[in-house]
Amino acid sequence: MATYGLLLDFNTCIGCKACMRSCKEVNNLSGPLGQELSAENYTVVNTYKDLNYRKMCMHCLTPSCTSVCPVGALKKSELGPVTYDGNKCIGCRYCMVACPFSIPRYEWNNPRPVVRKCIMCISRIEQGKEPACAWVCPMGATRFGERDRLLDIARARLTRHPDKYVNHIYGEKEAGGTSVLMISSIAFADLGFRSTLPQEPLPDLTWTVLRKIPNIVFTAGIVVGGIWWVINRRMELDRENNGNNHKA
Amino acid sequence: MKTMAITIKPKTFLLLPVLLVLVAGVVLTVVRFTYGLGKVTALSDAFPWGLWVGFDVVCGVALAAGGFILTAITYLFNAERYKPVLRPAILTAFLGYILVSVGLLYDLGKPWNIWHPLVMWNPHSVMFEVAWCVMLYSTVLALEFSSIIAEAMKWKKVVTAFHAIAVPLVLAGVLLSTLHQSSLGSLFLIVPLKLHPLWYSSLLPLNFFLSAVAVGFAMVILESFISSRILHRGLEFDLLVDLGRFLWFAEIVFLAVRLQDLFVSGVLHYAMDGSLEGIAFLIEMGLFFTSILLLSIRRIHNSKIGLFFAAATAVLGVMANRLNVSLVGMLSDSKSGYFPSWSEITISLFLVTMGVIVFFTAARYLPIFPPEKEADISK
């Protein structure tokens with residue numbers, strides 16, 4: 001099955017915020033259009049030096065949030081989106097702590113809160129439609145498609161217009177790669193995107209330790225149990241010897 | 001074994017603030033569960049884990065480490081002479097884990113789903129592993145604690161049954177503790193860019209385990225001192241002096257591992273840059289070095305006041321370490337300027353107060369401490 005993604009071309013974006021409005025409509029998000037990601041804004045368009053740029057969940061190929069969630073409320077769909085099931089969620093907010101892009105938001109003032117973030121309109125994708133933001137974009141600045149295809153398009157644009165783009169496809173390798181890809185005329189660090197992310201998926205850092213747990217349990221069990229057995233055996237022998245001496 | 005008669009005279013000047021904390025705690029509990037986390041906490045999207053995670057859970061689990069340390073020494077390494085301090089250690093650990101769980105109920109956004117990790121599995125999650133270990137270890141502690149009650153009630157059959165499973169039970173408890181004490185450190189392995197380099201390390205799980213061992217000894221020493229004061233009972237002082245030696249050794253191992261790691265990573269210069277993190281790190285190190293120094297001088301180590309302060313600084317040092325990892329070290333990257341709200345602090349105080357009250361009530365009515373004659377060996 002193809003794995004889908006989004007290509008955001010900041011150079012083409014005119015800042016009309018149609019994506020933000022359609023996102024609110026499709027996901028039933030109330031409140032005004034925001035400047036910052038929030039429980040009511042899964043995506044925001046902001047402007048820096050005449051460049052309009054967009055922020056949203058990157059839908060990592062190997063997401064930290066799905067790896068840390070103790071109950072598997074967050075899942076990476078084979079289609080590409082990282083989805084969330086509020087009924088499973090216990091509200092530990094480890095996903096928010098772990099996300100390298102600091103994307104998930106929380107309903108702090110709701111007594112029955114859930115995590116809020118873009119889910120790439122998974123139900124629309126399942127129906128064979130594009131995510132709302134890509135569908136509504138008048139400029140094609142947000143483009144939906146197979147990730148490999150989008151990467152080719154992004155590379156072609158960078159090659160054809162090296163003067164107009166910084167030579168960086170954000171999301172190609174960041175944190176092991178993401179389903180959302182971005183290209184821009186201004187360095188991503190200047191736009192507030194984390195630019196020092198490792199190229200390896202972050203969950204590997206945890207898994208190298210976690211996968212050793214069975215060995216640790218087995219080894220420590222044998223060692224500590226062995227120590228107990230030796231000490232105990234010696235004490236038994238001591239007692240027997242003392243007893244024998246007594247009789248003699 | 002007969003329980004000695006213990007009388008507790010609460011100091012009257014303590015009564016008012018305690019009552020105040022209890023009343024405020026109840027009110028804030030209602031507000032917390034009626035209006036949500038935002039009403040009472042200073043948490044935000046940029047800083048989703050605050051005092052309740054850093055203090056109630058991450059510190060709380062460490063401070064309850066005395067239970068697995070002492071059961072390991074007395075049952076597995078057969079050092080039976082530590083038995084007089086074993087029961088208070090089990091009680092503290094048991095209450096500690098109950099407090100951690102209650103603290104977690106306040107912190108979780110959907111506490112009614114707390115049982116979900118039982119049936120919804122994600123073995124890739126450290127949180128999932130911690131949840132299982134804490135659940136299982138709390139069960140072990142509950143069993144160890146019930147054996148104390150069974151003994152007091154002279155339920156002979158139950159006592160015999162407990163004796164039969166004591167060693168495997170204790171072994172399970174030690175393994176579970178080793179796992180989740182270290183895993184609390186592993187929780188932060190996935191945030192190499194968010195946690196300050198003075199605390200982020202691939203050795204976080206090892207650091208957390210080694211410091212848990214140290215604080216386990218320190219807590220047993222400290223609670224023996226405090227309970228002997230409050231309950232007007234004797235003090236097993238020569239036992240505590242020996243535990244002080246273990247504490248000294250555990251702290252040195254912890255510091256050696258931690259400092260060589262920081263040195264090799266080349267991040268020690270952050271300690272001297274005058275930043276909040278640098279100062280917090282120096283405080284943490286200062287507390288450990290003070291404790292080690294006090295224990296290194298024989299006259300101080302062998303004096304009651306000296307040993308007391310050595311244990312107290314060790315406990316504060318480990319608490320500083322845990323708060324630095326979970327709060328201070330996460331601050332600068334989040335750009336959130338988080339500081340716990342009064343309500344967060346009050347709820348934490350409320351839980352600790354409840355724990356202390358239950359501890360001394362249990363000590364009053366249950367055979368937690370040995371009868372005066374046995375306990376009074378120091379005199």
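Quick look at the values:
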| read-out | value |
| --- | --- |
| Meets criteria (of a type outside the set (Lys, Arg), more than 14 Å from chain B (Cβ to nearest Cβ) and over 28 Å from residue A:197 (Cα atoms)) for residue A:125 | yes |
| Single unsatisfied condition, residue B:77 versus (1) farther than 30 Å from residue A:230 by Cβ; (2) in the same structural domain as residue B:173 (by TED's automatic domain parsing); (3) surrounded by fewer than 20 Cβ atoms within 10 Å (Cβ to Cβ); (4) aromatic (Phe, Trp, Tyr) | (1) |
| Identity of the residue in the range B:87-114, part of a helix (DSSP H, G or I), among the aliphatic types (A, V, I, L, M) and within 14 Å of chain A (Cβ to nearest Cβ), that ends up nearest to residue B:134 (Cα to Cα) | B:100 |
| Single residue of A:92, A:118 found to be in the same structural domain as residue A:189 (by TED's automatic domain parsing), under 30 Å from residue B:122 (Cα atoms) and free of Cβ contacts under 8 Å to residues at least 24 places away in the same chain | A:92 |
| Options B:138, B:177: the member that is part of a helix (DSSP H, G or I), within 14 Å of another protein chain (Cβ to nearest Cβ) and surrounded by 17 or more Cβ atoms within 10 Å (Cβ to Cβ) | B:177 |
| Of residues in the range B:33-49 being in contact (Cβ under 8 Å) with a residue 12 or more places away in the chain and crowded, with 24+ Cβ neighbours inside 10 Å, the one nearest to residue A:38 (Cα to Cα) | B:43 |
| Residue match in the range B:289-309 (condition: within 17 Å of the chain's Cα centre (by Cα) and of a type outside the set (Phe, Trp, Tyr)) | no |
| Candidates A:105, A:112, filtered to the one that is surrounded by 16 or more Cβ atoms within 10 Å (Cβ to Cβ) and among the basic types (Lys, Arg) | A:105 |
| Enumeration of residues in the range A:115-163 that are surrounded by 19 or more Cβ atoms within 10 Å (Cβ to Cβ), in contact with a Phe, Trp or Tyr (Cβ under 7 Å, 6 or more places away or on another chain) and farther than 24 Å from residue A:29 by Cβ | A:147 |
| Residue match in the range A:217-227 (condition: under 16 Å from the mean Cα position of the chain (by Cα) and more than 9 Å from chain B (Cβ to nearest Cβ)) | no |
| Unique residue being within 30 Å of residue A:193 (Cα to Cα), in contact with a Leu (Cβ under 7 Å, 6 or more places away or on another chain) and either without any contact (Cβ under 8 Å) to a residue 24 or more places away in the chain or assigned to a helix (DSSP H, G or I) (or both) when the list is B:271, B:280, B:320 | B:271 |
| Segments classed as strands (runs of 3 or more DSSP E), wholly inside the range A:1-74, with at least 2 members that are charged (D, E, K, R) and surrounded by 17 or more Cβ atoms within 10 Å (Cβ to Cβ) | A:51-55 |
| Residue identified as assigned to a helix (DSSP H, G or I), without any contact (Cβ under 8 Å) to a residue 24 or more places away in the chain and closer than 18 Å to residue A:214 by Cβ among B:205, B:168 | B:205 |
| Some residue of the range B:295-305 being under 30 Å from residue B:242 (Cβ atoms), assigned by TED's automatic domain parsing to the domain that holds residue B:241, in contact (Cβ under 8 Å) with a residue 60 or more places away in the chain and surrounded by fewer than 17 Cβ atoms within 10 Å (Cβ to Cβ) | yes |
| Pairs where the first residue, in the range A:1-14, is among the small types (Gly, Ala, Ser) and the second is surrounded by fewer than 22 Cβ atoms within 10 Å (Cβ to Cβ) and outside any loop (DSSP other than H, G, I, E, B), C-beta under 6 Å, 6+ apart | A:2/A:146 |
| Scan of the range A:105-122 for residues that are part of a loop (DSSP other than H, G, I, E, B) and more than 8 Å from chain B (Cβ to nearest Cβ), ordered by number | A:117, A:118, A:119, A:120, A:121 |
| Cβ pairs under 9 Å, 6+ apart, first in the range B:54-73 and more than 15 Å from residue B:180 (Cβ to Cβ), second in a loop (DSSP other than H, G, I, E, B) | B:54/B:340; B:55/B:340; B:73/B:79 |
| Residue B:291 being polar (S, T, N, Q) and in contact with an Asp or Glu (Cβ under 8 Å, 6 or more places away or on another chain) | yes |
| Filter result (under 21 Å from residue A:223 (Cβ atoms), part of a helix (DSSP H, G or I) and away from every other protein chain (no Cβ under 13 Å)) within the range B:57-81 | B:67, B:70 |
| Conditions (1) out of contact with any Phe, Trp or Tyr (no Cβ under 7 Å at 6 or more places or on another chain); (2) modelled with pLDDT under 95; (3) not in a helix (DSSP H, G or I); number of the one not met by residue A:166 | (2) |
| Residue A:98 being modelled with pLDDT of 95 or more and out of contact with any Phe, Trp or Tyr (no Cβ under 9 Å at 6 or more places or on another chain) | yes |
| Those residues of the range A:178-211 which are in a loop (DSSP other than H, G, I, E, B), over 25 Å from residue B:334 (Cβ atoms) and in contact with a Leu (Cβ under 7 Å, 6 or more places away or on another chain), in sequence order | A:179, A:185 |
| Any hit, the range B:323-346, residues being more than 14 Å from chain A (Cβ to nearest Cβ), within 25 Å of residue B:227 (Cβ to Cβ) and in a helix (DSSP H, G or I) | no |
| One residue from A:241, A:167 being loosely packed, with under 11 Cβ neighbours inside 10 Å, in contact with a helix residue (DSSP H, G or I) (Cβ under 8 Å, 6 or more places away or on another chain) and more than 14 Å from chain B (Cβ to nearest Cβ) | A:167 |
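The values are calculated or read from the model by the stated rules, or taken from the named source; none is laboratory data. It should be emphasised that the depicted structure is a prediction, and the values quoted were computed from it without experimental measurement. Cβ coordinates were reconstructed from backbone atoms using ideal geometry, including for glycine residues, and neighbour counts include every protein chain displayed.
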